[in-house]
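Report on the following structure.
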Amino acid sequence: MQSVTTSQDGEILVLSVNNPPVNALSWHVRQGISDGIEQGLKDDSVKAIVIRCEGQTFIAGADITEFGKPPQGPDFNAVLNTIETATKPVIAAIHGTALGGGLETTLVCHYRIAVPSAMLGVPEVKLGLLPGAGGTQRLPRLVGIEQAAVMTSLGEPISAQKALDTGLIDKLAGEDSLAADAVAFARECVAKGPRHTRDLPVKGDTSIIAKLEAENARKWKGFDAPYANLRCVAAAAENPNIEDGLKFERAEFVKLMSGSQSAAQRYMFFAERQAAKIDGLPKDTKLRDIKKVGVIGAGTMGGGITMNFLQKGIPVTIVEMVQENLDRGVGVIRKNYEASAAKGRYTSEQVEKMMGLLTPSLNLEDLADCDLVIEAVYESMDVKKEVFGKLDKICKQGAILASNTSYLDVNEIAASTSRPQDVLGMHFFSPANVMKLLEVVRGDKTADDVLATAMAIGKKIGKIAVVAGVCHGFIGNRMLSQRQIPANALLMEGASPEQIDNVFTDFGFPMGPFQMADLAGMDIGWHRDTSLEPTNVREAMCLAGRFGQKNGKGFYDYDEKRNRTPSPEALAIIEDFRSRSNMQKREISDQEIIERCLYPMVNEGYLILEEGKAQRASDIDVVWIYGYGWPVYRGGPMFWGDLEGAKKIVESLERQGVKVAESLKAKAA
Ligand code: 3HC
């Protein structure tokens, strides 16, 4: 199959790109476009050339799979130059998404036409890159500095209408008549001749750049690419000669492309897509129909889970045991939606529509007609087994019964029903309406179509779903405990909560382990018996009434705005506990904190893989990035572990006395 074909409609030559699934600019596409333009220029009967695409979309960017490999075929910039310098008008006909190198291709075309549903953007920043084929220099010449700065640094595409309003495209086509409309538009362009984006003056001023940096300071902390994009847009404003700006852009692009951040972000792009694939399951596995969902428990988790479905128009019956708790839970859901509406995310009609899909109930029997029931009750095996035993009797045949347990044995829960094939874990992360991760826990007897349906419904509600096997804590929490144990030990050996947390935030996590403990509440799982001697620092904190953010004091003191400051009282409690444990305080380096807390996590990842509890290393990385805030520019623990080097990790783990996974040892050998 040729990836670029040509056809002629009167004096218009049409180049059709056909490179499924997204018409990426693979080397043969670049070659085909270049040849097609040359053909049109040589042929006197051709007066203008249209570039269009077959399939679901216009060119969605460079072929990311080619990055880092030896170059093949014509250089992309040379192809763009061929288009830009063509002596006959070249028109881009856009449908679907024109992204990255795809949009850059349209920028060197002389005219652009798009269907109303098309989206146009430069998402390179999400891959740790910038539109490095002139995008940062040509975009400001068409849409102005402000719009270009927003588009390049945030990477969000804009609609065709907005593209028309801002000057990015020249004309809207009919939704179903792009081919004909593009040819007709090309005929109009013949008389006008080629028009070059590069010759346009740069409009607007650069004050937006400081504003964007200030607004996004938190979100962009640690990232290189957003700032590099903005530097390039500023260079467009500063350099009237585009060649100077292009040179600057090239240098910035090369820096990003050769750095570890972009390598990590590109890896995550594919990891995220890979996670959706279930090994050994046919792609066409028939899914169960999920029209109605039941949620048991209207607490923080149950409420958050419920919101995901209501937002997608799926009715939910939410069940609690006590009226007061039910009312409180429903009230929180409403309050959350109203807060989003106040920020402009929903209209009040949409809020009412979503709330109208919610049926509060005190009766489990009301779940009889649900296609999927998710249990989010107290984390106790006895309670869960009782609930599932009842669901077995109440729910219709074929309903999927899911537990939101974060640690417990899904096989044991399944065994409390007569239909273990319909049972699995759907582990959401708090706040469940915000966090992207969903661990789908496959029990020994979970049916293939139940697993596939849970993964699909996860995608439908906007989650990134990852398959996990049954083990204590599944993928995420199992690895988390390997971090928590050394973090507590380091505290005893002399590090302060602040030193440890700062190492984590400098690494790129949104918070460290002790900030996280304060946020979650120190008293979770505490026995509350004040007559007992504390057996760990956490219990000592609870005994002193330091429960975390909820009462303004935990490992830190908090003000009304929840800003943390080191707490002399907390430090004294730690000191006291340390001396009672007869431990000597010593200086601890930041590097030791990294090695002691993060290397055992990497090791646990290898053990998880050895035991078949995760399908692939990249799934583990997806879990940590979307569930626990591991910085995406470091690629997740497994990717990062490879960068650190298996040998270095194994040597450190052996010094620490940690039992090393055989597969990690083998990698280090
Ligand atoms: N290169 C190679 N493969 C790509 C690709 C790309 N640019 N974009 C998507 N794919 C692959 C995906 O990996 C996936 O493969 P799989 O089926 O084997 O898993 C397949 O195409 C379909 O992709 P999605 O599952 O993401 O399909 P959707 O329909 O949900 O989304 C899309 C389509 C909006 C185009 C989305 O794929 C996307 O955002 N792609 C990336 C766009 C991008 O980042 N472009 C910039 C690239 S960098 C660049 O152009 C540099 C230049 O400035 C020099």
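A few comments on the model shown:
- Within region 203-227, the set of residues being exposed (fewer than 13 other Cβ atoms within 10 Å of the Cβ) and under 18 Å from Met511 (Cα atoms) comprises Ala217, Arg218, Lys219, Lys221.
- Index of the failed condition, Gly36 passing every other in (1) part of a helix (DSSP H, G or I); (2) buried (at least 22 other Cβ atoms within 10 Å of the Cβ); (3) within 14 Å of the ligand (Cβ to nearest atom): (3)
A quick yes/no check of all residues on (1) away from the ligand (no atom under 12 Å from the Cβ); (2) in contact (Cβ under 8 Å) with a residue 12 or more places away in the chain:
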position	(1), (2)
Ala114	yes, yes
Val122	no, yes
Leu139	no, yes
Val150	yes, yes
Ser159	yes, yes
Ala191	yes, no
Arg195	yes, yes
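- Looking at Arg564, Arg616, Arg578, just one residue is touching a residue at least 40 places away in the same chain (Cβ under 8 Å), over 32 Å from the mean Cα position of the chain (by Cα) and surrounded by 14 or more Cβ atoms within 10 Å (Cβ to Cβ), and that residue is Arg578.
- Candidates in region 511-538 are the residues that are assigned to a loop (DSSP other than H, G, I, E, B) and touching a residue at least 40 places away in the same chain (Cβ under 8 Å); of these, the one that is surrounded by the most Cβ atoms within 10 Å (Cβ to Cβ) is Pro534.
- For region 42-72, a tally of residues being more than 10 Å from the ligand (Cβ to nearest atom) and either in contact with a strand residue (DSSP E or B) (Cβ under 8 Å, 6 or more places away or on another chain) or farther than 21 Å from Leu13 by Cβ (or both) returns 16.
- Taken as a whole, the structure places Leu80 among residues that are within 15 Å of the ligand (Cβ to nearest atom) and over 23 Å from the mean Cα position of the chain (by Cα).
- Any hit, region 301-312, residues being touching an Asp or Glu at 6+ places or on another chain (Cβ under 9 Å) and either in contact (Cβ under 8 Å) with a residue 40 or more places away in the chain or within 21 Å of Val423 (Cα to Cα) (or both): yes
- Exactly one residue among Ile649, Ile625, Ile593, Ile588 is at negative phi and surrounded by fewer than 20 Cβ atoms within 10 Å (Cβ to Cβ), and that residue is Ile588.
- For Gly204: the one exception among (1) farther than 23 Å from Val108 by Cα; (2) modelled with pLDDT under 95: (1)
- Some residue of region 287-301 being exposed (fewer than 13 other Cβ atoms within 10 Å of the Cβ), acidic (Asp, Glu), within 16 Å of the ligand (Cβ to nearest atom) and farther than 30 Å from Lys126 by Cβ: no
- Residue check, Thr87 away from the ligand (no atom under 16 Å from the Cβ), closer than 25 Å to Glu243 by Cα and either among the hydroxyl-bearing types (Ser, Thr, Tyr) or surrounded by fewer than 23 Cβ atoms within 10 Å (Cβ to Cβ) (or both): yes
- When residues of region 262-281 are limited to those that are touching a helix residue (DSSP H, G or I) at 6+ places or on another chain (Cβ under 8 Å) and away from the ligand (no atom under 14 Å from the Cβ), the one nearest to Pro123 (Cα to Cα): Ala264
- Whichever residue in region 91-139 is part of a helix (DSSP H, G or I) and of a type in the set (A, V, I, L, M, F, W, C) and, among such residues, is surrounded by the most Cβ atoms within 10 Å (Cβ to Cβ): Leu103
- For the condition surrounded by fewer than 19 Cβ atoms within 10 Å (Cβ to Cβ), in contact (Cβ under 8 Å) with a residue 24 or more places away in the chain and not in a helix (DSSP H, G or I), Thr317 does not qualify.
- Filter result for Gly144 (of a type outside the set (A, V, I, L, M), within 16 Å of the ligand (Cβ to nearest atom) and crowded, with 17+ Cβ neighbours inside 10 Å): no
Quick grid of which residues meet (1) in contact with a strand residue (DSSP E or B) (Cβ under 7 Å, 6 or more places away or on another chain); (2) among the polar types (S, T, N, Q):
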| site | (1), (2) |
| --- | --- |
| Gly245 | no, no |
| Ala251 | no, no |
| Met257 | no, no |
| Ser260 | no, yes |
| Phe270 | no, no |
| Asp279 | no, no |
| Arg288 | yes, no |
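- Here region 351-386 is the region considered, the condition is being in contact with a helix residue (DSSP H, G or I) (Cβ under 8 Å, 6 or more places away or on another chain) and of a type in the set (Val, Ile, Thr), and the residue that is nearest to Leu287 (Cα to Cα) is Val373.
- Residue check for Val423: out of contact with any Pro (no Cβ under 8 Å at 6 or more places or on another chain), free of Cβ contacts under 8 Å to residues at least 60 places away in the same chain and buried (at least 23 other Cβ atoms within 10 Å of the Cβ): yes
The values are calculated or read from the model by the stated rules, or taken from the named source; none is laboratory data. Please read all numbers here as calculations on a predicted model, not as lab measurements. Using ideal geometry, Cβ is built from the backbone for each residue, glycine included, and neighbour counts are taken over all protein chains shown.
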